[in-house]
Amino acid sequence: MIHWQEFKDRNSDVVASENYICSADEIGLILVSGNDARDFLQNQLSNDIGLIDEESLQISSYSTPKGRMLGIFRVVQVSNGYILVTARSMVMPLLQQLFKYIVQSQVTLADASDYFARFAIVSDHTDVIGHSLLPTDTNTVIQTDSVIAMRLEPLATQQRFLLLCLSADEAIDLWHQFAANLKVAAYQSFHLSEIRAGIPAIYPQTSEEFVLQMANLGALGGVSFKKGCYPGQEIVARMQYLGKLKRRMYLAELETEQLPEPGDELVVQGKEDADGSGKVVDAEFDERGLCHCLYIAQIAKADAGHLNLLKQPGTTIRNVDLPYSLEI
């Protein structure tokens, strides 16, 4: 993939919100293959692997036995197994965790990130989204011998796609086809679209911090309450059927010049030490310099507007509506 690396490194660092194409090499890929791959993932992840095929994908998560998420994925079935799409920084930590549970299963785990050129498209142009290689429905997949094209959750009128290409030459050719009608932008643009779409990510700084319901995975279809056991299932089920959710994920806009980092503490206004009120999930600047932030916090405090960033006490957190309903 050296050819692809050289190509994508020459591309733009412009931030865009609509009608763009960008490299997505910050996304990592884990390949799970072998005769027992399906059963292995069914026993580890929160969602029902049996509900997808090579033409669909799903959001899922992987947790500790205490119900704290180690990772969040988009899961894609391929001819030789499954690809878990996640943050690049999480690939090795997650592989180390998953290796512990293989035991005698016929399962092979591998970092597949460097085997694929990866780029994203966000557009409402009919001549782009109507391309024969791009799926027509949300959370569906089109696969050829060398390309996996995913249609992700839309954002307003913009349709979002992620493409994985085994051939660098084919990736560059497709790039040029799409770029003829799109702006070339930085990965920051796609990262921003994920945040504004309300899609949570886990990073090393936030591993084992959140139960999946806190991150709105129920509303995103990222959990099955009908499947069998998986790590943390008892905690997740208890929260769903017996408990009352006290924390959830919010989308906010912040006027700041300092980008919050995953895991940054939120505190009650006036507090000078961490008080357990909440943590940043993810954040990114848009083209105007406005910060868009996902955070998980105590519902009562967040709804009352009583929270500040511990590191930036003068920064106002303005909650905005998520693009999906929290009724599940």
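For Gly34, the amide hydrogen comes within under 5 Å of the amide hydrogens of Thr108, counting only partners 5 or more places away or on other chains and with H modelled in the peptide plane.
In a shell of Cβ-Cβ distance under 13 Å around Asn19, excluding Asn19 itself, what net charge do Lys and Arg (+1) and Asp and Glu (-1) give?
Net local charge, Asn19 excluded: -2.
Taken one residue at a time, the phi angles of region 44-61 give Karplus couplings (6.51, -1.76, 1.60, θ = phi - 60°) of 10, 9, 6, 9, 8, 4, x, 8, 10, 9, 6, 10, 9, 9, 8, 8, 8, 9 Hz. Gly and Pro are set to x. Dividing the alpha-carbon radius of gyration of the chain by 2.2 N^0.38 Å (N being the number of residues), what value is obtained? Against the empirical 2.2 N^0.38 Å value, I get 0.98 for the chain. The calculated pair-distance distribution of region 196-328 uses every alpha carbon pair, bins of 10 angstrom beginning at 0, and gives 12, 43, 32, 11, 1 percent. For region 184-242, the mean projected area of the C-alpha convex hull, equal to one quarter of the hull surface, is 5.4 nm².
For the pair region 235-288 and region 84-142, the centres of their Cα atoms are 26 angstrom apart.
Under the combined filter of DSSP loop state and at most 11 neighbouring Cβ atoms within 10 Å, region 65-100 retains these trypsin sites (Lys or Arg not before Pro): Lys66, Lys100. Peptide packing: for 30-38, 284-292, the average count of neighbouring Cβ atoms within 10 Å per residue gives the ranking 30-38, 284-292, highest mean first.
Backbone amide hydrogens, once placed in the peptide plane, bring Leu155 within less than 5 Å of Arg160, excluding anything fewer than 5 places away on its chain.
Annotation: amide H-H contacts under 5 Å for Phe210 (H modelled 1.01 Å from N, sequence separation of 5 or more, or interchain): Met69. P(r) for region 177-217, from all Cα pairs and a bin width of 10 Å, is 23, 38, 23, 15, 2 %, short bins first. In order along region 20-25, phi translates into HN-Hα couplings of 9, 10, 8, 5, 10, 6 Hz, rounded to whole numbers, per the Karplus curve 6.51 cos²θ - 1.76 cosθ + 1.60 with θ = phi - 60° and x for Gly and Pro.
The residues neighbouring Asn319, those whose beta-carbon lies less than 12 Å from its own, together hold a net charge of 0 under the Lys/Arg +1, Asp/Glu -1 convention. Listed from fewest to most Cβ neighbours within 10 Å, the set Arg160, Arg318 follows the order Arg318, Arg160.
Dividing the convex hull volume of the alpha-carbon atoms in region 147-216 by its residue count gives 130 Å³ per residue. Averaging 1/r across all pairs of distinct Cα atoms in region 247-320 and inverting the result yields a Kirkwood radius of 11.9 Å.
Shape verdict for region 73-222, please, from the Cα gyration tensor: rounded (a/c under 1.5), prolate (a/b greater than b/c) or oblate.
Here region 73-222 falls in the oblate category.
Bear in mind these aren't lab numbers, they're just calculated from the coordinates by the rules spelled out. What you see is a predicted model, and the numbers here were worked out from it, not measured in a lab. Don't worry about glycine lacking a Cβ; one is built from the backbone with ideal geometry, like all the others, and counts go over all protein chains shown.
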